[in-house]
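The values are calculated or read from the model by the stated rules, or taken from the named source; none is laboratory data. This structure is a prediction, so every number in the text was calculated from the model and none was measured. Reconstructed Cβ throughout: ideal geometry from the backbone, glycine too, with neighbour counts over all protein chains shown. The area values use the complete protein model at the heavy-atom level, side chains included, leaving out ligands, DNA and RNA. Shrake-Rupley method; radii C 1.70, N 1.55, O 1.52, S 1.80 Å.
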Amino acid sequence: MVAVKRRISLVEVILREGRNRQVKRMFLEIGHPVIRLHRSAYAFLDLEGMAPAQWRPLLPEEIKRLRASARGRTGPAPVPATLTGPVWRGP
């Protein structure tokens with residue numbers, strides 16, 4: 001548990017591989033419905049140093065790594081995705 005305010009809790013979850021709506025289903029099962037999810041990292045990409053609503057194009061090397069990862073050829077171990085999108089950070 002990261003924080004609790006009134007009846008709302010902020011929880012950080014780290015998944016190596018997730019299924020569709022997995023986090024929402026897990027928390028609903030224990031009686032804690034999910035109001036909002038935020039992914040701060042995906043594979044080796046994260047939001048460090050970026051302001052809300054800021055975005056940047058992916059570098060050619062990043063695209064190459066993502067494509068290789070999708071084909072099952074990962075390089076260095078990826079950073080787990082935390083749920084608290086990828087390079088673009090919306091309002």
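The chymotrypsin sites (Phe, Trp or Tyr not before Pro) found in region 2-66 that occupy coil by DSSP, while having at most 16 further C-beta atoms within 10 Å, are Phe44, Trp55.
Report the full-extension gain for the segment Leu15 to Ile30: residue separation times 0.36 nm, less the Cα-Cα distance, to one decimal in nm. Walk me through the numbers on the way to the answer.
On the way: separation 15, 0.36 × 15 = 5.40 nm, distance 1.81 nm.
Taking Leu15 through Ile30 to full extension adds about 3.6 nm, to one decimal.
Stretching the chain fully between Glu62 and Glu48 yields a gain of 3.5 nm (0.36 nm per residue, less the alpha carbon separation).
Quick check: with the 1.4 Å probe, what order do Arg21, Arg56, Arg6 take by accessible area, largest first?
Arg6, Arg21, Arg56
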